[in-house]
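Asks: Sharing a structure with you now.
Each value in this text was obtained by applying a stated rule to the coordinates, not by laboratory testing. Keep in mind the model is a prediction, meaning the values are calculated, not measured. Don't worry about glycine lacking a Cβ; one is built from the backbone with ideal geometry, like all the others, and counts go over all protein chains shown.
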Amino acid sequence: MAAYRRDLEALARFLERRGGCAWRDADAAQIRAFAAAEHAGGLDPRSIQRRLSAARGFFSYLQREQAATANPARDIRAPRTKKRLPATLDADQMAHLLEFRADDRLSTRDKAIMELFYSSGLRLGELVGLDLRDIDLRDGTVRVLGKGGKTRIVPIGRFARTALADWLKLRVAAAGTDPHGGAALFLGRGDRRISVRAVQRRVGLWARRRGISIHVHPHLFRHSFATHLLESSADLRGVQELLGHTDIGTTQIYTHLDFQRLASVYESAHPRARRRARP
């Protein structure tokens, strides 16, 4: 309620500066100018959208009370929120993270989890939901149940296949059945299906042990998988299929990441682009 009041007060101050018109006399051009002024003043698009939403609600109230004949904020939209590019590890950082010795059951499982994340670009929920029957090491594939109940087959790289084979030697002796009768691929406490939270904790633990300075989380492996694949192949449609994206627009964010890298290379290498060092 306090935020709603602040938003309306901001609009009232703006209208007063524009000549002090009454609420009933405000028009769409003034509301649009208000949104533009807020944006120019540094307010982020989400906050502007909230202020416009408050204005739409207030003008709707005025219409119901017959204090206004129209809702000038109805069709006004805030500027688009700038997409935040996902963080990634470069290939060397990823190799360093994964190059640890797995010498017990827990570290063997963790290595298999992280190698599979990076090898196949799985979502956290997809990986946790895997059963033994979903992995085919001979064929080098994993069957994934993705969003919307859609199934896809994704290749498994050789490092992940080796790590999974090592884990399966230790996994096979455990009961590891879930309440629905499936044999979970990755096990946590009590030899039950590993939890999402447990995977998040273990990934963070290994990142700290390996001296990775940025926050490493399971989805970071998926971002890195997509970015590195696009850098090497430039096959956007192929990456879309591997990630299980319904809309290719979702996949296109990784082309922006790749462009950032290319722009950096260009600026440092091209004779007409290199920035001159300051004296």
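Asks: Place the peptides 196-207, 95-106, 51-62 in order of packing, highest mean first, counting for every residue the other Cβ atoms within 10 Å and averaging per peptide.
Replies: Final packing ranking: 51-62, 196-207, 95-106.
Asks: How charged is the neighbourhood of V199? Take every other residue with its Cβ under 12 Å from the Cβ of V199, and add Lys/Arg as +1 and Asp/Glu as -1.
Replies: Net charge in that neighbourhood comes out at +4.
Asks: Spelling out what I want: for every residue of region 25-39, take phi, set θ = phi - 60°, compute 6.51 cos²θ - 1.76 cosθ + 1.60 (Karplus), and round to whole Hz; glycine and proline get x.
Replies: Once θ is set to phi - 60°, the couplings for region 25-39 become 9, 5, 10, 4, 5, 5, 5, 5, 5, 4, 4, 5, 5, 5, 5 Hz.
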